[in-house]
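Throughout, read-outs are computed from the coordinates displayed, never taken from laboratory work. Because the structure is a prediction, the values reported are computed rather than measured. Cβ atoms come from the backbone with ideal geometry, glycine included; neighbour counts cover every protein chain shown.
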Ligand code: SF4
């Protein structure tokens, strides 16, 4: 799938004299009232982001689920708690060291996978969020993020743990925490064990980049 750059941001967003924080707030304001795809009809809240726009790591999920739609915060509930725990195990904290965003900002009904036209309609928000952030490492959690960013349609298991390059960023697909909740074994070769290998690799890259700042 290829995504067309849409002309969504022709007002305050493009004023060059604005600070990054102001541009971020303008983008958020625009997103919070967005009606560009059908998902606006059934959402409770637009789920824009959580964490720190100055963080080196950007976690990209698929879209809001029920808890996220209720709270307006991405990756809450059990999957979010597991994500936080995994990052804490390598010494990183959600609010300081991560920016967390989704491919689509509004919940698809019954948690279905977002449709191609919904992903396309929301893609400029995602791209601008990445551009405005200081993120150098993008972690793609699950197949929708993999498809939206790298245009790879295979399952995560074939590519997880590998580094890709996208717009001068280091990109790694990883298992979605919901998948890890469904597969709790920690045996060698299990999804949890593989994820631990991936996170050791991610921490190594993070430390390398941090030392260059
Ligand atoms: S999912 Fe994205 S494009 Fe669709 S209404 Fe929500 S913010 Fe707009």
(request) Calculate how steeply helix 20-32 sits against the longest principal axis of the alpha-carbon atoms of the chain, using the helix alpha-carbon long axis, and give the answer as 0 to 90 degrees to the nearest 10. (result) 80 degrees
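Ratio to report: Rg/Rh of the chain, with Cα atoms as the point set and Rh obtained by the Kirkwood method; give two decimals.
Details: Rg = 16.5 Å, Rh = 17.5 Å.
Ratio of gyration radius to Kirkwood radius: 0.95.
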(message) Under 10 Å, Cα contacts only: if you run a Gaussian network model on the chain, which one of 151, 54, 183 comes out with the highest mean-square fluctuation?
(response) 183
(request) Mind pulling the angle between the C-alpha long axis of helix 77-89 and the longest principal axis of the chain? Nearest 10 degrees, somewhere in 0 to 90. (result) 60 degrees
(request) Output the relative contact order of the range 102-212, whole-number percent, from Cα pairs under 8 angstrom with separation of 6+ residues. (result) 19 percent
(request) Provide, in order from the shortest bin, the percent of all Cα-Cα pairs of the range 26-92 in each 5 Å bin, continuing until the bin that contains the maximum pair distance. (result) 3, 15, 23, 25, 16, 11, 5, 2
(request) Considering only DSSP beta bridges where both residues belong to the chain, give the percentage that are antiparallel (nearest 5). (result) 25 percent
(message) Per 0.36 nm of contour for each residue apart, how much would the distance between residue 181 and residue 38 grow if the chain were fully extended, relative to their Cα-Cα spacing?
(response) 48.5 nm
(request) With runs of 4+ DSSP H residues as the only contributors, calculate the mean residue ellipticity of the chain at 222 nm using -39,500 (n - 2.57) per run, divided by the residue total and rounded to the nearest 500. (result) -12500 deg cm²/dmol
(message) Nearest 10 degrees is fine. How inclined is helix 191-212 to the longest principal axis of the chain, computing both from alpha carbons?
(response) 70 degrees
(message) Below 8 Å between Cα atoms, with a sequence gap of 6+, how large is the relative contact order for the chain in percent?
(response) 21 percent
(message) Under the 0.36 nm per residue contour assumption, what length would be gained going from the current alpha-carbon distance of residue 154 and residue 88 to full extension?
(response) 20.8 nm
(request) Treat each spin label as a single point 7 Å out from the Cα along the C-beta direction, and report the residue 162 to residue 197 distance in nm. (result) 1.4 nm
(message) I'd like the projected area of the range 140-184, averaged over all directions, using the convex hull of its alpha carbons. Report it in nm² with one decimal.
(response) 3.1 nm²
